[in-house]
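**Q** Okay, here's the structure, questions in a sec.
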Amino acid sequence: MKFGIIVFPGSNCDRDVVYVTRDLLGQPTRTIWHEETDLHDVDVVVIPGGFSYGDYLRCGAIARFSPIMKQVIAHAEQGKYVLGICNGFQVLTEAGLLPGALVRNRDLHFICDRVPLQVEHTDSIWTQGYSNTPTINLPIAHGEGCYHADPDTLDRLESNGQVLFRYAGINPNGSLNNIAGICNEAKNVIGMMPHPERAADPLLGNADGIHLFKSLI
Amino acid sequence: MNQKYQARIYVTLRPSVVDPAGTAVQSGLAHMGYTDVESVRIGKYIEVNLSATDEAQAHTQLDRMCDQLFANPVIENYRIELDDGE
């Protein structure tokens, strides 16, 4: 599996993802500057965390119009894999690849913490590695992680089994239905606020996140 | 011949979206003694100077800008006021 990590001005988790896919998992990996327009050689596109374009206007709103995004949308429409982490999740909702939006945290704070998550539906490509560990811990670090969608969209997400990660303890940010991560209907595009790449190396004391990447290869 | 226009765009959260910042400001007002304030909602104000063939074309362009970039229709509404920019 070849991984392509998109880098926007302001992305800051790109190299963490590269470390996981290239160094920990030995997969071919390249970073893709947002002004590039070709990613045909890539199997999995990862939109990493950070503050693309300074999070001006709305998180992900400007990144969504970067030249590479046309190719990311085409990649997703072909059924290929797209993973958006934190700011990447925000970019994917702004781009319309995932439903809903991420708004200011309920308590207005930027939250940097480790939180328990319930893994729902371990039959997706992203979550199949968690069938024996329904509850995991992952770091979160965001100011705008409160998932919002209208009631019809929420119903559809739930009945289609598109909610893949849910906050298991206290809801940290006010997300509706405790949603921490969702996929699209075809299940090839996932967005999540928690950072699996920051909990992938056992040296850091928690490697719960590695299974999400391992599941793909 | 293109005309110059100035647009004032107001982006507000949809009523169904919780606005914790507005609630925090409301509690500040309460501490000031304004206990009769029923709600505070915080939005964005954007000024755009542009040129277009006429007012209708300016409006069409601005609508598209709002739908695609200035506002996210999932969570926000917008309102445009357009003036002669001369």
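The values are calculated or read from the model by the stated rules, or taken from the named source; none is laboratory data. Note that the coordinates shown come from a computational prediction; the quantities given were computed from them, not determined experimentally. Cβ: placed from backbone, ideal geometry, glycine included. Neighbour counts: every protein chain shown.
**Q** Out of B:Ile42, B:Ile46, which single residue is part of a loop (DSSP other than H, G, I, E, B), without any contact (Cβ under 8 Å) to a residue 40 or more places away in the chain and either β-branched (Val, Ile, Thr) or under 19 Å from B:Gly22 (Cα atoms) (or both)?
**A** It is B:Ile42.
**Q** Moving on to the next point. Could you tell me whether any residue of region A:144-154 is more than 14 Å from every other protein chain (Cβ to nearest Cβ) and either at pLDDT 95 or above or part of a loop (DSSP other than H, G, I, E, B) (or both)?
**A** no
**Q** If A:Thr31 satisfies every condition in (1) free of Cβ contacts under 8 Å to residues at least 40 places away in the same chain; (2) touching an Asp or Glu at 6+ places or on another chain (Cβ under 7 Å); (3) part of a loop (DSSP other than H, G, I, E, B) but one, which is the exception?
**A** So A:Thr31 meets the others, but not (3).
**Q** Can you spot a residue in region A:109-118 that is away from chain B (no Cβ under 14 Å) and buried (at least 22 other Cβ atoms within 10 Å of the Cβ)?
**A** Yes, region A:109-118 contains at least one residue that is away from chain B (no Cβ under 14 Å) and buried (at least 22 other Cβ atoms within 10 Å of the Cβ).
**Q** Go through region B:71-83 and give me each residue that's within 14 Å of another protein chain (Cβ to nearest Cβ) and either surrounded by fewer than 18 Cβ atoms within 10 Å (Cβ to Cβ) or assigned to a helix (DSSP H, G or I) (or both).
**A** Hits for region B:71-83 are B:Pro73, B:Asn77.
**Q** Search region A:95-108 for residues being surrounded by 16 or more Cβ atoms within 10 Å (Cβ to Cβ) and aliphatic (A, V, I, L, M), and hand back the single one that is nearest to the other protein chains (Cβ to nearest Cβ).
**A** A:Ala101
**Q** Same structure, new question: Would you say A:Ser159 is within 20 Å of A:Thr133 (Cβ to Cβ) and among the hydroxyl-bearing types (Ser, Thr, Tyr)?
**A** no
**Q** Follow-up question, since we're still on this one. Scan region A:170-190 for residues that are crowded, with 24+ Cβ neighbours inside 10 Å and not in a loop (DSSP other than H, G, I, E, B) and report the count.
**A** Summing the residues that are crowded, with 24+ Cβ neighbours inside 10 Å and not in a loop (DSSP other than H, G, I, E, B) in region A:170-190 gives 7.
**Q** Taking into account only those residues within region A:130-143 that are out of contact with any His (no Cβ under 9 Å at 6 or more places or on another chain) and not in a strand (DSSP E or B), which is surrounded by the fewest Cβ atoms within 10 Å (Cβ to Cβ)?
**A** Restricting to residues being out of contact with any His (no Cβ under 9 Å at 6 or more places or on another chain) and not in a strand (DSSP E or B), the top hit is A:Asn132.
**Q** What single numbered condition from (1) surrounded by 15 or more Cβ atoms within 10 Å (Cβ to Cβ); (2) of a type outside the set (Val, Ile, Thr); (3) farther than 22 Å from A:Val103 by Cβ fails to hold for B:Pro20?
**A** So the condition that B:Pro20 fails would be (3).
**Q** While we're here: Among the residues of region A:31-52, what is the count of those that are more than 18 Å from the chain's Cα centre (by Cα) and surrounded by 15 or more Cβ atoms within 10 Å (Cβ to Cβ)?
**A** Selection size over region A:31-52: 2.
**Q** How many residues are within 14 Å of another protein chain (Cβ to nearest Cβ) and not hydroxyl-bearing (Ser, Thr, Tyr) if we restrict to region B:28-46?
**A** Of the residues in that region, 7 qualify.
**Q** Starting from region A:191-217, take each residue that is free of Cβ contacts under 8 Å to residues at least 12 places away in the same chain and outside any helix (DSSP H, G or I) and list its partners that are acidic (Asp, Glu) and crowded, with 16+ Cβ neighbours inside 10 Å, counting only C-beta distances under 9 angstrom and pairs at least six apart or across chains.
**A** Hits for this filter: A:Ala207/A:Asp201.
**Q** Next question. Please work out which one of (1) crowded, with 21+ Cβ neighbours inside 10 Å; (2) of a type in the set (A, V, I, L, M); (3) at pLDDT below 95 is the condition A:Leu92 fails and give its number.
**A** Answer for A:Leu92: the failing condition is (3).
**Q** Go through (1) touching an Asp or Glu at 6+ places or on another chain (Cβ under 7 Å); (2) within 11 Å of another protein chain (Cβ to nearest Cβ); (3) over 22 Å from A:Gly143 (Cα atoms) one by one and return the number of the condition B:Gln68 breaks.
**A** (1)
**Q** Here is a list of conditions, (1) surrounded by 20 or more Cβ atoms within 10 Å (Cβ to Cβ); (2) within 14 Å of another protein chain (Cβ to nearest Cβ), and A:Ala76 meets all of them except one; can you say which number that is?
**A** Condition not satisfied by A:Ala76: (2).
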